[in-house]
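Worksheet: the structure to be examined is printed underneath.
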Amino acid sequence: MKRSLGMIVAAALAVAAVPASAQTTLKVRPFGDLKTIDPMTTSDYMVRNHGYMIYDTLFAQDDKGAIKPQMVQSFTTTPDGLTWTFVLRDNLKFHDGAAVTAADVVASLKRWGQLDGLGQQLTAHTAALEAVDARTVKLTLKDRWGLVLEALGKPSSMVPFIMPERIAKTPTNEAIKDPIGSGPFMMKRDEWSPGSKVVYVKAPTYLPRQEPPSGLAGGKVANVDRVEWTIIPDQQTALNALQAGEIDIFEEVPPDMMPLLKGNAKVGVTRFAALQAVLRFNQAIPPFNNAKLRQAILHLVDQEQMVRAYVDDPAFYTNCPSFYMCDSPYFTDAGWPKPDVARAKQLVKESGYDGSPIALLDATESILHSQTLLVAQAMRDIGLKVDHQAMDWPTLSTRRASKNPVAQGGWSAFMSGPAAPDMYEPVGHLALRSNCEKAWFGWPCDEAIEKLRADFTMIPDLEGRKANARAVQLRAIETVPYVPAGQLYLVRGYRKDLTGLLSAGVPVYWSVGRGK
Amino acid sequence: MLSTVPVFIFVALFVFFLLRITPGDPAIMIAGDQASSAQIETIREQLGLNRPLLDQLLAWAGQLLRGDLGRSVFSDIPVTRLIGQRLEPTAMLALVAIVLAIAIALPLGTLAAVRAGGVADRIVMAFAVLGFSSPVFVIAFLLVYLFALTLGWFPTQGYVPLSQGVLACLHSLILPGVALALLYASLLARVTRASLLEVLSEDYIRTANAKGLTPARITIRHALSNAAVPIVTVIGIGMAALLGGVVVTETVFNIPGLGRLATDAIQRRDYPVVQGLILVFSSVYVVINLLVDLSYVLFDPRVRY
C-alpha cells in the first residue's frame, strides 16, 4: 500500500515534470565546461568544440586526414604556388542573417594569424591577404610555403574559424563577446549558465554541403533542433543519467566505469577521439637538462604497461612507438628503442646523475594520474630520486610555467594528454617543437629539429614530407623533448536510439539524430 | 546591524588576499593546456592581474562601493547574474530539506523526549546517530539507486526550475532534499529531545499535569514552545549552512546551485566570482542570525532588544 502510494505521488510529479515541447533535443554531458567563448584566445578543447558548433571553416579535415573544402566552393593556385584564390560558396550566412563575405574571411584569418602558432607562420610567409570581391579571397605568399591548406584546415586548437568582420576586428588582447558564427548551430547566450548548461539551437541560416559527413568535413546537417551541453561534474552521476535516459551522450566515460554499462541494452560505448600520453621534461633546469637522462627515461617507459594502467582493453589503447599518432600519414617507428631497463640504468650512469631530486608533478584528477604513479615507481626502480607531488590541475598549470630550481618550487616532469590532431606532423606538433622559449612548457631547444620543421613547410609532396618527419623523429630520439607513453582512446557512452554519431577526433554534433 | 560592517570588511580582505596567495590564476586557466608563457602573460595583462595588489584591491573596493560585484573573468557575465542564476536551485533545495527535516525531526524528537528511556526513544536516537554519521553522498547514491535507477520514480539528477511548474520542481528535488534532510533531521531530533527533556522537568509542567491538562496539550502548548529557542537556533544555522551552498549534494544530484558555482570558481581561480560569493554567503549568515535572534522574542517574552 505504501509502495503504491509512493508510486502514485512520484508518477503525479513525473507527469508534471514532462516538458510540453515537441522539439528534438540532444542532451550531452561534455567532458568539461565552456569557460570562455573566444576560440582564438585559448587552446582549451572545450572552447574548440564550442567553435565547431557555431562556426564554419574554409577547409576541414576528413576522416582520412585529407583537407577538403568546406566554406570554399573552389580554389586555385598559380604554378609557382605563391598566389592562392579562394571562392566562397554562394548564400553562406551568419546567424544574424548577414552574408558571409570575403572581408569577413580576411578579418578572421588575420586575427587567427596573430594568435595561433601555425597561423603566425602563415602570416610570416604572407605578402598580402585581401578580398577581391564579395566571395573571393586572394592570398599572396612571399615564398612557396607548403602548408596553406593544412593551416586553413587545421582541425584542433586553435582552429581558423570564420566570424563576422566586426567581431574578428576585436583586438587580439581582448576576448570576443558575441558568439555569432555561420555554423550549423547557434549559441543561445541567454541560456548559457557557466558550470551548468550551454544551449545551442539549429541555425536556420546554415547551408550544409551536399557531401556526406566525413571527419570534420562534408555536410554538417543539424538533425536535432536543440543541443544542450549539461555540465555534470560527478562521473557516477553522469553515468546514472545516461542509464536512466536523462542524457543522450556521456563524453569521456572513465574506462573503469565501462563494465557498469555492459548490462544496459539501451546504452553503447564507442571510442570517439584519441590522445597521446606525454611525459614532459623540464629542460631548463637539472637534472633533465641532461639528454642522456632523458634518453634513459625513453628506454625505461614501457608503453604496454602504461596504457594498461588507463584501461585493460586493447580496443581503447594502442602501443604507438612514434612521436606521431599511429594513424597519422607521417607515422614512423624509425629508430624507436624497445623498453630496456638495463639500458636505461646504463644511460643513467652515463648521464652522471648526482641523485638530485626529480619533482614529478601529478594532477590527481587527470586521466593520466595512474600512469604518473607508474612512471614515478619505474624511475625509482632505476635509482632516480623522485619527489612525487600530488596536486590539482590548476596548481600544476601554474607550477609548470616556473623555471626555478626544484628547491624553489620548480619542476622536473609532468604528464599531459594532447589530442591527436595536435600530434600529427612536425610543424603543428605540440611537444616536438624545440624552439626554446617559444616551445611548450619544458622548453626544449634544438636547432636541428627547428631547421627540419622549417624545411617541412617548404616541401610540396607527401613522400618528401614523410622523409622529413622521419628525420625529425630520429633527431628527437636523441634530444628526447618528451616521452610518448602510449595512445589512448577517449570513450563515448551513448543511447542506442541515436543515429549519425561521428568519430571526428573532435566531439561534434551535426549529423546526430534520433532513430525512428 | 552596524556591527556587521567590520565583519564584511574583514571577510572581503581575507578572501582577496587568500585567493592571491593560492597557486594558479585565471590567466593560466583561460589560456589552455597548450599556451606558451608569453600567451599567458598577455592574458594576465589583459585581466589586470600583473598590476600591484593594492591597485587591484582598490579597484575592487571601488566597484563594491558602487554595488558592483564585477564580472566573471571567464564568461564576462556579471557576478550578480551568475549568483542570481544559481540562487533559486540552492534556495529551493534548502527549503525542501529544511521543511522535510522539521517534519521528521520535531515529532521524532518530541516522541523520544516524552518516552525518554523507552524503546521509542532508543529507536529515534539510533536513527539520529545513523543519519548524522552517514555521509550524504552514500545516502544520495543509495536513494538514486533505489528510487531512480531501480524504481524509476524520480530523476537521477538535475533541477527543474520553478518557472516550469512547482510540481516538476519538487519532483526534481525530492531525492536531494531527503538526502540532505536526514542529516539535519538527526541533529534537530537530538536537540529537540534534549531541550524538551529539560523543559519537561520544570515545575510549571508538573503544575500543568496537576491541573489535569492532557499530555498532548502540555507537550505542544507548554513544553515545545518553551523549548523552541535552541531548536530555532539550530534550524537557523542549518538554513544558513544550506544557503551557503551544499557542494556534495549539489554535485551528486547535479543541481546547479551556489555550492557548485563556488567550487567551479575556486578551481578556475575566477577571483571576482569567488569574492562575490563569499560576500553573499557572509551576508546570508548575518541576516539569518539576525532573524533567529529576533525570533527569540516570539518564543521567550523575557527576551528584549
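Where a number appears in this text, it was derived from the coordinates with a stated rule and is not lab data. Here the structure is a predicted model, which means the values were calculated and not measured. Note that we place each Cβ from the backbone using ideal geometry, even for glycine, and neighbour counts take in every protein chain shown.
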Taking segment A:385-402 and keeping only residues that are in a strand (DSSP E or B) and at the interface with chain B (Cβ under 9 Å from one of its Cβ atoms), one is left with A:MET391
Considering only segment A:163-206, state which residues are among the basic types (Lys, Arg), assigned to a strand (DSSP E or B) and over 20 Å from B:GLU88 (Cβ atoms). A:LYS202
Scanning segment A:82-119 residue by residue, those under 27 Å from A:ASP422 (Cα atoms) and loosely packed, with under 15 Cβ neighbours inside 10 Å turn out to be A:GLN114
Those residues that are surrounded by 15 or more Cβ atoms within 10 Å (Cβ to Cβ) and either under 21 Å from A:PHE414 (Cα atoms) or of a type in the set (Phe, Trp, Tyr) (or both), I need them from segment A:320-344; list them, please. A:CYS320, A:PRO321, A:SER322, A:PHE323, A:TYR324, A:MET325, A:TYR330, A:PHE331, A:TRP336, A:PRO339, A:ALA344
From B:LEU53, B:LEU95, grab the single residue that is within 26 Å of the chain's Cα centre (by Cα) and either over 22 Å from A:THR170 (Cα atoms) or within 14 Å of chain A (Cβ to nearest Cβ) (or both). B:LEU95
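Yes/no matrix, rows are residues, columns are (1) touching a residue at least 60 places away in the same chain (Cβ under 8 Å); (2) over 18 Å from the mean Cα position of the chain (by Cα); (3) surrounded by 18 or more Cβ atoms within 10 Å (Cβ to Cβ); (4) away from every other protein chain (no Cβ under 14 Å):
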{"position": "A:GLN243", "(1), (2), (3), (4)": "no, yes, yes, no"}
{"position": "A:PHE250", "(1), (2), (3), (4)": "yes, no, yes, no"}
{"position": "A:LEU260", "(1), (2), (3), (4)": "no, yes, no, no"}
{"position": "A:ALA274", "(1), (2), (3), (4)": "yes, no, yes, yes"}
Residues of segment B:139-195 satisfying the condition of being within 14 Å of chain A (Cβ to nearest Cβ), part of a helix (DSSP H, G or I), in contact with a Leu (Cβ under 7 Å, 6 or more places away or on another chain) and not aliphatic (A, V, I, L, M): B:PHE147, B:CYS169, B:HIS171, B:PRO176, B:GLY177
Taking interchain pairs and intrachain pairs at least six residues apart, which have beta carbon atoms under 7 angstrom, with the first residue in segment B:17-34 and on the phi > 0 side of the Ramachandran plot and at the interface with another protein chain (Cβ under 10 Å from one of its Cβ atoms) and the second of a type in the set (Ser, Thr, Tyr) and in a helix (DSSP H, G or I)? B:GLY24/A:THR395; B:GLY24/A:SER397; B:GLY24/A:THR398
Tell me whether segment B:57-79 contains one or more residues that are within 25 Å of B:PRO256 (Cα to Cα), assigned to a helix (DSSP H, G or I), within 12 Å of chain A (Cβ to nearest Cβ) and within 24 Å of the chain's Cα centre (by Cα). yes
When residues of segment A:311-363 are filtered for being aromatic (Phe, Trp, Tyr), under 27 Å from the mean Cα position of the chain (by Cα) and part of a loop (DSSP other than H, G, I, E, B), how many remain? 5
List pairs: first residue in segment A:205-219 and on the phi > 0 side of the Ramachandran plot, second residue hydroxyl-bearing (Ser, Thr, Tyr) anywhere in the structure, Cβ distance under 9 angstrom, at least six positions apart or on different chains. A:GLY215/A:SER503; A:GLY218/A:SER511
In the list A:PRO484, A:PRO426, which residue meets the criterion of being part of a loop (DSSP other than H, G, I, E, B), in contact with a helix residue (DSSP H, G or I) (Cβ under 8 Å, 6 or more places away or on another chain) and within 25 Å of A:GLN303 (Cβ to Cβ)? A:PRO426
